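Please read the structure below before turning to the comments.
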Amino acid sequence: QVQLVESGGGLVQAGESLRLSCAASRRIFSLYAMGWYRQAPGKQREFVASITSSGTINVADSVKGRFTISRENGKNTVYLQMNKLKPEDTAVYYCKMSTSIPTWGQGTQVTVSS
């Protein structure tokens, strides 16, 4: 069973940047698509970005041009570079591995103050 651990969240001001990391506990990481999702208080979890095992990227319109997803298979890690952060980006960010039964991390809090 693989485990995912997110890190890199925190409190920043609007316009600043953060980079989130999600590390997988097993090398099978390279075989699967990875994704980032977020959930704000009182809202449903929503898709942010994904990257397939071959590097195909999909990004939500709400973050396009500001957020970038990448992966480093040698480190079993996927990243989410978040630039020009806005208060509406405040949420708990989760990574997901698209295994047969999707695997989720525990989440990392991102808070953007205005």
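With all protein chains present, how much of the accessible area of the range 32-112 (probe radius 1.4 Å) comes from carbon and sulfur, to the nearest whole percent? Roughly 49 percent of what the probe reaches on the range 32-112 is carbon or sulfur.
Ordered from longest to shortest, the equivalent ellipsoid semi-axes for the range 36-99 are 21, 13, 10 Å, each the square root of 5 times a Cα gyration tensor eigenvalue. Heavy atoms of the protein chains alone define the surface here; on that basis the range 1-108 has 54 Å² accessible area per residue at 1.4 Å probe size. The value for the chain of Rg(Cα) / (2.2 N^0.38 Å) is 0.99.
The values are calculated or read from the model by the stated rules, or taken from the named source; none is laboratory data. None of the values given here were measured: they were computed from a predicted structure. Just the protein is used for accessible areas: all its heavy atoms, side chains included, with ligands, DNA and RNA removed. Shrake-Rupley method; radii C 1.70, N 1.55, O 1.52, S 1.80 Å.
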